[in-house]
1. Mind jotting down a quarter of the surface of the convex hull over the alpha carbons of the stretch 167-282, in square nanometres, one decimal?
2. How do the peptides 96-104, 254-262 rank, highest first, by the average count of neighbouring beta carbon atoms within 10 Å per residue?
3. Based on Cα coordinates alone, diagonalise the gyration tensor for the stretch 247-316, multiply each eigenvalue by 5, take square roots, and list the semi-axes in whole Å, largest first.
4. Scan around F183 for amide H atoms under 5 Å from its own, H built in the peptide plane at 1.01 Å from N, and keep only partners 5 or more places away or cross-chain.
5. Given a cut-off of under 8 Å on Cα pairs at least six residues apart, what relative contact order in percent is computed for the chain?
6. Tell me which DSSP H helices of the chain clear both cut-offs, 18 Å or more of axial length from alpha-carbon atoms and a mean Kyte-Doolittle hydropathy of at least -1.0.
7. Have a look at the stretch 21-62 and give its Rg and Dmax from the Cα atoms, expressed in angstrom.
8. What does the charge count around N10 come to, taking other residues whose C-beta lies under 15 Å from its C-beta (Lys +1, Arg +1, Asp -1, Glu -1)?
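Values quoted throughout were computed directly from the atomic coordinates according to the rules given, and no laboratory measurement underlies them. Remember, it's a predicted structure, so these values are computed and weren't measured experimentally. Don't worry about glycine lacking a Cβ; one is built from the backbone with ideal geometry, like all the others, and counts go over all protein chains shown.
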Amino acid sequence: MTPKYDKVHNRFKLNGLHYSHEDLKEVAYSLIKEGEAYEKVTGNFLIDWLNDNDYLHVNTSGSTGKPKLIKLKKQAMVNSAIATGDFFGLEPGDTALDCLPSHYIAGKMMLVRAMILGLEIDHVEPSAHPIFDYEKQYDFCAMIPLQLKHTINYTQNIKSIIVGGSKITQPLLERIKSSDSKFYETYGMTETVTHVAIRRLASQVSDGEALFNALPNVTFSQDDRQCLVVRAPKLVDEPLVTSDIVDLKSETSFDLLGRIDNVINSGGIKLFPEQIEDKLQPVIDERFIVAGEEDDALGERLILIVENPRDTAESIANRIRYIKGLTKYEVPKHIYITDKFVETVNGKIQRNKTIASVLG
C-alpha cells in the first residue's frame, strides 16, 4: 500500500530523535523561532508539508530561465521518494545525510524521503563545504558538485551519493574514480519532483554507465526537435516536454546531448556547448562556458568565456590546440575573460545572463 503524504514513518528520525507527525509541528515552530537561518527555512518547509493542503508551492532554481513558483502535489513528492527508495534499496532505519538547502526541491525531497521511507536523517548546514560526522556510516546522501568537490576526501563512509544541480566537471569525475562510495549523476528538475533518471559514475566500487536510466514508473520519448519528453504519471499529470536534446536509446534510457536553446549553428554545423565543454575541461582549471556570437560569415561563431583565469587567453588557446578529439569546428574562435559569472542565489551559473554581460 502506497504511503500517504499526511503520514510520518514510525522509524523516521531527525538529528537522532524520533518525531511523530504532531511532534514535527512543534519542531518546525521551534526551528522558525530559535534556529539558524537554514533551520528557519527547514521549519517553514515542515509547516507547509504538515498542513492540510495536498500541494506545495516550490521555487525553480532559475539556472535555465527566470525562477518561477510552481505547484506540486504532495502525493507526487511521496511517489518520487518511493521511486528513489526502490532504486537505491533504502529501508526503514537506514541513515541519510541532508546537506542541501530546504529552499529548493532537492533539499525538500531529502526530508520527504526520510519522513516517508523511515530514514534516520542528519540535517546539517547547507554550505559549499558541508560539515558532518565524517566517521558516521551513512546509506544515502545528495550533493551538488561544488559540495562534493570540497568533501570527497571525507565521503568514504557514505554508501551512495547522488550528484546533481549542475555539471560535474572532468577533474571531479577523475577524483570520483578513486573513491570508495557509489556515485550517481541525476537528471531531473523541479517540475519532475527532482530526478527521474540516474547515471552511475565510475568509482573504486562500481563501473560507470554511459546512459541515464529511468527510475521506476518513468518512460521517455522525443518530440520533433529531438528533445526529451518525460512520462511519469505518478509525478506529473501530463507528459513533460523538456528543452534537452537527447540521443534516445530506449524508452527508459538516453544520452544527454545539450539544451536546445544553447545549440550553436556555425556555418551550418550544429555545435552542442555542453559536449564541447566536456572536451575542454582537462585544460582549463577555472569555470568556463562555451557560447555563440553573431558572425557575418558563419552566422554564429564559437566563443569561450573563462571566469577570472590565472593564465592569459593566448595561453588557454595554445592548450586547446593540443586536445585530442576536438574537431576544427569545436575550437573557439575567440576567448573572452570575465571577472565573475552571473549566478542564481544557490550558485548555479546563469548562462544566458553571463553571455549577455560579456558580449554587451
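1. That works out to 8.1 nm², a quarter of the Cα hull's surface.
2. 96-104, 254-262
3. 25, 19, 8
4. For F183, the qualifying residues are I161, L201.
5. 11 percent
6. 21-34, 37-50, 74-88
7. 11.0, 34
8. -2
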